[in-house]
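Notes follow once the structure below has been shown.
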Amino acid sequence: MAKRERKQIQTCDFCGRPADMSSGLIPSAVTPGIYICTECIEQVHEVIKDFHAHGTKGATGDGIDLTSIPRPKEIQQFLDQYVIGQDSAKKYLSVAVYNHYKRLAQSGKDDDVDIEKSNIIMVGPTGTGKTLLAKTIARLLDVPFTIVDATVLTQAGYVGEDIESLLTRLLQVADYDVERAEKGIVFIDEIDKIARKGDNPSITRDVSGEGVQQGLLKLLEGSIVNVPPQGGRKHPEQKMIPVDTKNILFICGGAFDGIERNIARRLNTHVVGYTNNGERVNIDRDNMLSYVAPQDLKSFGLIPEIIGRLPIVTSLEPLDRDALRRVLTEPRNAIVKQYIKLFAMDGVTLTFDDDALDLIVDKAIEYKLGARGLRSIVETVMIDPMFEIPSSDSKEFTVTSALVMEKLKKANFETNIYN
């Protein structure tokens, strides 16, 4: 009796929705008494549409069109809008990204010549624009791009994150589309923080240095890696996502503080004794990083296997006074432009005197903070005006050199600086 009543009340066999609560029920053409409601049909249609969208989104396989990809000079011109100077690093990055697209265009084709990827390592002091270069180039790319930090990584089994979690962020950027993530670019920041202590192999277990470098080898070279979907530690009950890193381009950056001593030591060995042929090259001692070579990275603490998988080594120049002055005002997202916009949102016209800008640059050089120090100084100077002016009737505000010095002294920036 109950079975006969169930047949009389038609329901959707997918969601259980009764006929009177649905726009309509579609019967099965194969099995009598089986129905699907129009609402479920619409949901299935959306799922199929999303599936096809992911399958074609950012497609960079056989169908890639090299004519629509920005050329290296165009990539550098885009970087020039946001990053001041660093022409050498921009050139290396532009060529590497363009070649990455060409490798993706070649993948899957039957060709005797297999183009291998050229991972990059950028060496430069803090505040010269390594991370800014990576963030800026990410705006231009049509492939998944992510920035990860090497300082949180440890060898498997120790407190910290597994090396494979580097790829978790790339998967998230690609909406967990594995095929698309396998053609992405990963920027590993603070790569110098995983250097082993000293040039000799450690006699104790270096779980956050040499151990991490050993784990990075398979990622950089190209292999199938099981990635935890949520990052962090691997667990036996956690379902892993296999990712092939063969076509993932890795760009590494680090300050390598103190590597100048290794470079100076190496350069001096070529001009000592009777082998000097009188052709000694004039060395720019203010920019020793421009002479960085793979052997210097090895002396700093990177293992030879890692250096071999990062074949392109480029350096970033320390920013001089003129470059820091341009950083304040010229880029699209210049620091001064940001504060002018903040004040304009309150209806206030903000201006900076040239003397004030010059003093800010001089203090950044004096404190040896690089471009990153510019924002720290400007923020210190502007904190009181940003607190008071929104509640006042002022429509204009001018930053003078006297105001800059007053605020720096108030914040104890100038206290015992020469002691």
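The values are calculated or read from the model by the stated rules, or taken from the named source; none is laboratory data. As the structure is a prediction and not an experimental result, all values here were calculated from the model. We place every Cβ from the backbone using ideal geometry, glycine too, and count neighbours over all the protein chains shown. Just so you know, the surface numbers come from the protein's heavy atoms only, side chains and all, with ligands and any DNA or RNA stripped out. Shrake-Rupley method; radii C 1.70, N 1.55, O 1.52, S 1.80 Å.
Taking segment 347-419, which trypsin sites (Lys or Arg not before Pro) meet the DSSP loop condition and have no more than 11 other C-beta atoms within 10 Å? Can you show the working numbers first?
Details: sites: 363, 368, 372, 375, 395, 407, 409, 410; in loops: 368, 395.
Qualifying residues, ordered by number: 368, 395.
Not counting ligands, DNA or RNA, and with a 1.4 Å probe, what is residue 345's accessible surface area in Å² rounded to the nearest 10?
140
Residue separation times 0.36 nm, minus the C-alpha to C-alpha distance between residue 321 and residue 411: what's the value?
On the way: separation 90, 0.36 × 90 = 32.40 nm, distance 2.35 nm.
Once the chain is fully extended between residue 321 and residue 411, it gains 30.1 nm.
Describe numerically, in nm with one decimal, the distance between label points set 7 Å from Cα along Cα→Cβ at residue 140 and at residue 264.
If labels sit at residue 140 and residue 264, their model points lie 3.6 nm apart.
Provide the solvent-accessible area of residue 131, counting protein heavy atoms only and rolling a 1.4 Å probe, rounded to the nearest 10 Å².
30
For segment 333-419, which whole percent of the accessible surface, found with a 1.4 angstrom probe, sits on carbon and sulfur atoms? Write out the running numbers ahead of the final one.
Details: 2660 of 5110 Å².
That fraction is 52 percent.
Which cross-chain or sequence-distant (5 or more) residues have an amide H under 5 Å from the amide H of residue 222, H modelled 1.01 Å from N in plane?
Hits under the 5 Å cutoff: none.
What is the Cα radius of gyration of segment 238-389 over 2.2 N^0.38 Å, N being its residue count? Don't jump to the answer; show the numbers that get you there.
Values: Rg = 22.5 Å, N = 152, 2.2 N^0.38 = 14.8 Å.
Expressed relative to 2.2 N^0.38 Å, the Cα Rg reads 1.51.
Between residue 179 and residue 38, how many nm apart are label points set 7 Å from Cα along the C-beta direction?
Using points 7 Å along Cα→Cβ, the separation is 3.4 nm.
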